[in-house]
1. Tell me the trypsin sites (Lys or Arg not before Pro) within the stretch 187-278 that lie in a loop according to DSSP and have at most 14 other beta-carbon atoms within 10 Å.
2. Just tell me which aspartates and glutamates come within less than 15 Å, Cα to Cα, of residue 99; anything on the same chain fewer than 8 places away is out.
3. Considering the options 171, 150, 259, tell which one lies farthest towards the positive end of the dipole of the chain, charges being +1 on Lys and Arg and -1 on Asp and Glu at the Cβ, about the Cα centre.
4. Where does the chain land at 222 nm, in deg cm²/dmol rounded to the nearest 500, when only DSSP H runs of n ≥ 4 count, each adding -39500 (n - 2.57), divided by all residues?
5. With no solvent and one point on each alpha carbon, what is the Debye value of log10 I(q)/I(0) for the chain at q = 0.14, 0.15, 0.16 Å⁻¹?
6. If the only charges are +1 at each Lys and Arg Cβ and -1 at each Asp and Glu Cβ, what is the size of the charge dipole of the stretch 72-276 around the Cα centre, to the nearest 20 debye?
7. Can you give me the long-range amide H partners of residue 151? Hydrogens built in the peptide plane at 1.01 Å from N, cutoff under 5 Å, separation of 5 or more residues or another chain.
8. Taking the Cβ of residue 224 as the center, what net charge do the other residues with Cβ under 12 Å away carry, scoring Lys and Arg +1 and Asp and Glu -1?
Amino acid sequence: MLLTKQKTTNGSRWAVDGNFLPPNLNLSTLLEMPREKMFEVVKTLSKVESAVGAAPSVSKEREEAPIDPHQEVWAAGVTYRQSRDARKAESTVADMYQKVYEAERPELFFKSPGWRVSGNGGPIRIRKDSHWNVPEPELVLAVNRHNEIVGYCAGNDVSSRDIEGENPLYLPQAKIYNGSCALGHGIWLCDPDSIRDIPIRLQVRRANETIFNGEANIASMKRTLPELVEFLTRELDFPHGVFLMTGTCLVPDDFTLQYGDTVVIQVGRLKIQNIVSA
């Protein structure tokens, strides 16, 4: 099932497989439910609304980021060998990335509140005080209040590599700023056991020319998805659910984003496209 958020004349509204859910139902309410109950409710309500036929049609042109404003996006780092190698190459303290890659405890950090997240077709940004900015395509888990994985979406963890490379304590400035997080185009609701061997593709276009095109697979991730969720929720509650970026396995070398670039990310069934804006 594909859960999307749509902009309508009466405000935002959630839909499943092209059928609108009731106007007063939001994602936070759904993620307060256990996974199986949530799936059952979504299926039932979407059929009811479809039968009523009173809702406007779902349109990709009106998609919003699939997250409620008060929800949070967190991220895991150095979960792939490619990410470890890239971080070691850019940093003045390279050994710390090797240590966290091998450690039991993963790197976890806050990325964005929901109200700051861009959706499919929305803008992303690069910092004006950075000279090395990259897109980071990632599988993003949707997790309910019971710490259960209910599905995934595509994500872009836009990052300033030179700022973090200068000093790891600058990580929040390299990762958290306006336009640094994008999610979309919806949430693929599924059993967590089916989230495996999922391809991730990244394409960057500049002036109608493809300047980067790469593909990888989450199968190369060192850590398991339940492991990342367990560490995130070990001493932290998310009563309305949370999104967790699981790290990047595609790291462009000798490359930096520029204004006007188009970034296309595909994670499994889902695709998100954003333009770098000032």
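Read the figures in this text as sums done on the coordinates, not as results from a lab. Given the structure is predicted, the values throughout are model-derived calculations rather than measurements. Reconstructed Cβ throughout: ideal geometry from the backbone, glycine too, with neighbour counts over all protein chains shown.
1. Numbers: sites: 196, 201, 205, 206, 222, 223, 234, 269, 271; in loops: 196, 222, 223, 234, 269.
Counting only loop positions with at most 14 other Cβ atoms within 10 Å, the trypsin sites (Lys or Arg not before Pro) in the stretch 187-278 are 196, 234, 269.
2. In chain and number order, the partners are 85, 107.
3. About the Cα centre, the residue reaching furthest to the positive side is 259.
4. Details: 7 runs with 61 residues, N = 278.
That comes out to -6000 deg cm²/dmol.
5. Rounded to two decimals, the profile gives -0.96, -1.09, -1.24.
6. On the way: 23 positive and 27 negative charges, 84 e Å.
It works out to roughly 400 debye.
7. The answer is 142, 190.
8. Working: positive: 196, 222, 223; negative: 193, 227, 230.
Local charge sum for residue 224: 0.
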